[in-house]
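Chemist: A single structure is presented below for examination.
Each reported figure results from applying straightforward, stated rules to the coordinates on display, with no laboratory input. The structure displayed is predicted, hence computed values, not measured ones. Cβ coordinates were reconstructed from backbone atoms using ideal geometry, including for glycine residues, and neighbour counts include every protein chain displayed.
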Amino acid sequence: MKPFCKGQVLVIAALLVAVAVITMVSQVASAQSGTVTSGIVVGIDTDGDGRLTRFAVSDSSGTVTTFEVSDTTEYGLENQAGDRWVSTQGEEPVEIVRRLLDHRERFAPITVSSENGVAISVVEREEGKLETSLGYLFAVFAVTWALFFAYVLYMGSKQRVLQHDIARLKGAAGQAK
């Protein structure tokens, strides 16, 4: 069995590092508590006093998720003019219903952070978690450079072998003359 050359060892090491980095990044992303759902408001339930009790959001795949609310649920919503309104469920429960109805009528997307089906925060749609995206970007960047340098070292060793073979053949051709 032919032993591995230095270039092959470096490529294997780079692949192992890549797997480790990607695993680490995915574990960090899954370790974050709660869930985040983005979509449009499709249903609003209120009690007899007009206070919000729960609401439903449909995401881009059509999955409808219903969220309960608590007095600590935080809201950060904007109207059509772009004015931002921030409050909690305990402070202005009737205004929250009006704001969510406005979002439902305009099909304005929202992002809901929740734990165990209870909304923690409701804000304008966020494009994604920047920290998670940057982690994956860094992992891909690091793996790409590691693979590039492993390839350069591997090709360098192959070139040295070819130069040695060419010199040997030139020497043999010179002696044959």
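Chemist: Work out the FRET efficiency for Glu124 and Phe148 from their Cβ-Cβ distance, taking R0 = 45 Å, and round it to the nearest 0.05. Spell out each step's value before the answer.
Modeler: On the way: r = 40 Å, r/R0 = 0.89.
Approximately 0.65, to the nearest 0.05.
Chemist: Give the percent of DSSP beta bridges with both residues in the range 34-128 that are antiparallel, rounded to the nearest 5.
Modeler: Working: 28 of 32 bridges.
Restricted to the range 34-128, the bridges split so that about 90 percent are antiparallel.
Chemist: Any idea what diffusion coefficient the range 34-128 gets from Stokes-Einstein, in µm²/s, Kirkwood Rh on alpha carbon pairs, 20 °C, 1.002 mPa s?
Modeler: It comes out at roughly 165 µm²/s.
Chemist: With label points built 7 Å along Cα→Cβ from the Cα atoms of Thr66 and Lys170, find their separation and express it in nm.
Modeler: 8.2
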